[in-house]
Amino acid sequence: MAGQEDVTTPGGIVIPAHAITWSFARAAGAGGQNVNKTSTKAVLTVDLTALEGPRASLARVTSGLGAQLRVTRQSSRSQWANRQACMDAAVARIDAASRPAPPPRRATKPGRGAVERRLESKRRQSAKKRDRRAED
């Protein structure tokens, strides 16, 4: 990530450089003196209305995620690593949102062999319990 440049997702959606906004803050949690003096927490904001790509994919992205996507990372002590993690997460979310929904599952009936195995299993279980009963 050398400066601001367009990013392309594996699904073919282009995130223009002007749609990306970065901000940085001090991270929370453990880290000793380093966490108190460096701004390593990265916040990425992507304007989803500026994305470029297939119209149908873009419609799914904006309907699923809204007008903006905000990603925050602070797991690393390095601002650069947190920026990379933010960008990877944003690309993954945009790409996932651009995919069409899977087709609905077609209901099917169990096959004859499956029905016979189920009934045989029930007969074995019944016989096992019947044999455990005390004779009166």
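For region 35-82, the set of residues classified as in a helix (DSSP H, G or I), closer than 16 Å to residue 8 by Cα and touching a residue at least 12 places away in the same chain (Cβ under 8 Å) consists of 48, 49, 50, 57, 58, 61, listed by residue number.
Across region 43-59, what is the number of residues that are over 30 Å from residue 30 (Cα atoms) and either in contact with a Phe, Trp or Tyr (Cβ under 8 Å, 6 or more places away or on another chain) or surrounded by fewer than 17 Cβ atoms within 10 Å (Cβ to Cβ) (or both)? Lay out the reasoning, then the answer.
Filtering region 43-59 for residues over 30 Å from residue 30 (Cα atoms) gives 47-59.
Among the residues that remain, those that are also either in contact with a Phe, Trp or Tyr (Cβ under 8 Å, 6 or more places away or on another chain) or surrounded by fewer than 17 Cβ atoms within 10 Å (Cβ to Cβ) (or both) are: 47, 49-50, 52, 54-56, 59.
Of the residues in that region, 8 qualify.
Among the residues that make up region 79-88, is at least one of them of a type in the set (Gly, Ala, Ser), in contact with a strand residue (DSSP E or B) (Cβ under 6 Å, 6 or more places away or on another chain) and crowded, with 18+ Cβ neighbours inside 10 Å? Yes, there is a match, as at least one residue in region 79-88 is of a type in the set (Gly, Ala, Ser), in contact with a strand residue (DSSP E or B) (Cβ under 6 Å, 6 or more places away or on another chain) and crowded, with 18+ Cβ neighbours inside 10 Å.
Looking for whichever is hydrophobic (A, V, I, L, M, F, W, C), outside any helix (DSSP H, G or I) and surrounded by fewer than 16 Cβ atoms within 10 Å (Cβ to Cβ) here; the options are 107, 114. Which one fits? Walk me through how you get there before you give the answer.
Details: 114 fails: outside any helix (DSSP H, G or I).
The match here is 107.
Going by what's in this entry, would residue 101 be described as in a helix (DSSP H, G or I) and not polar (S, T, N, Q)? Considered against the rule, which asks whether it is in a helix (DSSP H, G or I) and not polar (S, T, N, Q), residue 101 comes out as no.
No lab work stands behind these numbers, since they all come straight from the coordinates. For clarity, every value in this text was computed on a predicted model and none was experimentally measured. Every residue, glycine among them, receives a Cβ derived from its backbone with ideal geometry; neighbour counts consider all protein chains shown.
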